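Here is the structure we will look at.
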Amino acid sequence: MKSSVVAVTLACVACLAGTAQAALRSSDLDAFQMIPDVLATSQSNKDPEDKKAYVLIDYAVQPAKQDEFIAAFEKTAAPTKKEEGSIVYTLSRNIDDNLTFYLYSEWTGMKAYGEHFESAYLKEYLKTIAELNVVWKLHILEPVVY
């Protein structure tokens, strides 16, 4: 098993067990394909009532690759917004630099977010951004003040 896969798995398990925030960084597609399994495993440790999931992903995208990145995201966004558990799914650009994009999403629960990783369109998106050498960091958020 690659070390990045181990790090991703441990970070996800710690986060979903409530012991840490997830901060995953990898352009290794194999690592992120493990997320649904980790999420499914963690469901047995959660309350019967699945709480909403709040997710932030920051992407570092080279300027020459940004049009391709945005096109790939657009192909994924439309079907994602139709998923049963999807509440919010928005891509924004940082106005202070020319590299950073943010994906903010809300889901009915971690189970719904995990199921999102099973979709063919997301798998294609992950493959595309790996080919574009996009570096991204996944954060599972916990609301503090509404």
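None of the figures in this text is laboratory data; all of them are computed from the coordinates on show. Just so we're clear, the structure is a prediction, and the values are computed from it rather than from any experiment. Virtual Cβ from ideal backbone geometry, glycine too; neighbours counted across all protein chains shown.
Roughly speaking, what is the stretch gain from GLU74 to LYS127, that is 0.36 nm per residue apart minus the C-alpha to C-alpha distance, in nm to one decimal? It would help to have the intermediate numbers written out before the result.
Numbers: separation 53, 0.36 × 53 = 19.08 nm, distance 1.46 nm.
Difference between extended and current length: 17.6 nm.
With labels modelled as points extended 7 Å from the Cα through the Cβ direction, what inter-label distance (nm, one decimal) is found for ILE95 paired with GLU118?
4.1 nm
Taking the Cβ of each residue in GLU84, GLU68 as the centre, tally the other Cβ atoms inside 10 Å and list the residues starting with the fewest. Spell out each step's value before the answer.
Working: GLU84 8, GLU68 15.
In order of increasing Cβ crowding within 10 Å: GLU84, GLU68.
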